[in-house]
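Student: Below are the structure tokens for one structure; questions will follow.
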Amino acid sequence: MVLLSREEIQTRIGQLQGWEFSGNVLTRQILFPSFKDAIAFVNRVGDVAEAADHHPDITIQYRKVTLSLWTHSEGGVTRKDLDLAAQINLL
């Protein structure tokens, strides 16, 4: 995978509601009505991530889920991260 330039990331992230780019990472925080809803969402993200063979870092803080995406092997954001972010937004 090839690292994307900041310009490429900024252009594409504008089409991904809720995602932010900082440093070398895409992040999104989502607040759910309950802990159970947050866990159900994380399980759906897990299914999508497994299918894509690309896995986000996920933090669960009661009702708040924080997703962080970057391609670890490349040390930054690649197309794979943006594609997974788009798939997660469909959930």
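Student: Dipole magnitude of the chain about its Cα centre, charges +1 at Lys/Arg Cβ and -1 at Asp/Glu Cβ only, in debye to the nearest 20? Can you show the working numbers first?
Tutor: Numbers: 9 positive and 11 negative charges, 67 e Å.
That gives the chain a dipole magnitude of about 320 debye.
Student: Lys and Arg at +1, Asp and Glu at -1: add these up for the other residues within a Cβ distance under 14 Å of residue 41 and post the number. Show your work: numbers first, answer last.
Tutor: On the way: positive: 28, 36, 44, 63, 64; negative: 37, 47.
It works out to a net charge of +3.
Student: For n ≥ 4 DSSP H runs only, could you compute -39500 (n - 2.57) per run for the chain, divide by its residues and tell me the 222 nm figure to the nearest 500? Walk me through the numbers before you get to the answer.
Tutor: On the way: 3 runs with 37 residues, N = 91.
It lands at -12500 deg cm²/dmol.
Student: Using alpha carbons only, what's the Rg to Rh ratio of the chain with Rh from Kirkwood? If you can, show how the numbers build up before the last one.
Tutor: Values: Rg = 12.7 Å, Rh = 13.3 Å.
Radius of gyration relative to Kirkwood radius: 0.96.
Student: Then there's this: Please name which of 14, 89, 34 has its Cα lying farthest along the dipole of segment 6-89 towards the positive end, using unit charges on Cβ (Lys, Arg +1; Asp, Glu -1) and the Cα centre as origin.
Tutor: Selected residue: 34.
Student: If you take every DSSP beta bridge fully contained in the chain, what fraction is antiparallel? Give it as a percent rounded to 5.
Tutor: Close to 100 percent.
Student: Now a separate question. Give me the percent relative contact order of the chain, please, defined on Cα pairs under 8 angstrom at least 6 residues apart. Intermediate results must be reported in sequence, preceding the final value.
Tutor: Values: 132 pairs, mean separation 33.7, N = 91.
After rounding, I find 37 percent.
Student: Next question. Between residue 47 and residue 5, take the C-beta separation as r, use R0 = 22 Å, and let me know the FRET efficiency to the nearest 0.05. Numbers along the way, then the final one.
Tutor: On the way: r = 31 Å, r/R0 = 1.40.
Efficiency, from the Cβ-Cβ distance: 0.10.
Every number here is computed from the coordinates shown, using simple stated rules; none is lab data. Computed from a prediction, not measured in an experiment: that's the story for all the values here. With ideal geometry, Cβ positions are generated from the backbone for all residues, glycine too; neighbour counts draw on all protein chains shown.
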